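I have a structure here, written as structure tokens, and I will follow up with some questions on it.
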Amino acid sequence: MLTGRDDPAQAIRVLTAWYPQVVVKLGPDGAMYANGRDPVRVPAQPLEKFVDGTGAGDAFCAGFLPPWLDSKPPGEALASGCRLAARALGLVGARPAL
């Protein structure tokens, strides 16, 4: 949306001209990371059943940031984000039952 490009790889090229590191969520296609070199892409986690999309983006960030801040490789951080986002998609309102 920010770049006017439909292709995620093209959008990442545009964004990395402005920002040193970029993460793009691709919904059912996973997520990508780039830092001006070849992008790293991970697939989405398989879903048993889609329930509600609320909070999936926030869940992705919550899964991505801890490994990223712990200096793990981009693919590992992306995979962690995708795992947590997939869990959120299986819950109403993205909140586990209390």
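If you count only protein heavy atoms with a 1.4 Å probe, what accessible area per residue comes out for the chain, rounded to a whole Å²?
On the way: 6650 Å² over 98 residues.
Computed with neighbouring chains in place, this is 68 Å² per residue.
Where does the range 1-75 land on Rg(C-alpha)/(2.2 N^0.38 Å)? Before the final figure, lay out the partial values.
Numbers: Rg = 13.1 Å, N = 75, 2.2 N^0.38 = 11.3 Å.
Ratio of Rg to 2.2 N^0.38 Å for the range 1-75: 1.16.
Just to confirm a number: summing +1 for Lys and Arg and -1 for Asp and Glu over residues other than ALA9 whose beta-carbon lies under 13 angstrom from that of ALA9, what do you get?
Numbers: positive: ARG5, ARG13, ARG37, ARG41; negative: ASP6, ASP7, ASP29, ASP38.
Neighbourhood net charge equals 0.
Name the long-range amide H neighbours of LEU91: under 5 Å, sequence gap of 5 or more, or other chain; modelled H, no Pro or chain starts.
Hits under the 5 Å cutoff: VAL51, ASP52.
So, in nm, how far is label GLU48 from label LEU91 when the simple model puts each one 7 Å beyond its Cα toward the Cβ?
1.4
Report the paramagnetic label zone for LEU2: residues of the range 32-54 whose backbone N is under 15 Å from a point 7 Å from Cα along the Cα-to-Cβ axis.
32-36
The values are calculated or read from the model by the stated rules, or taken from the named source; none is laboratory data. These figures come from a predicted structure and were not determined experimentally. Positions of Cβ are generated from backbone atoms using ideal geometry, with glycine treated the same way; all protein chains shown enter the neighbour counts. Remember, those area values only see protein heavy atoms, side chains included, never the ligands or the DNA or RNA. Shrake-Rupley method; radii C 1.70, N 1.55, O 1.52, S 1.80 Å.
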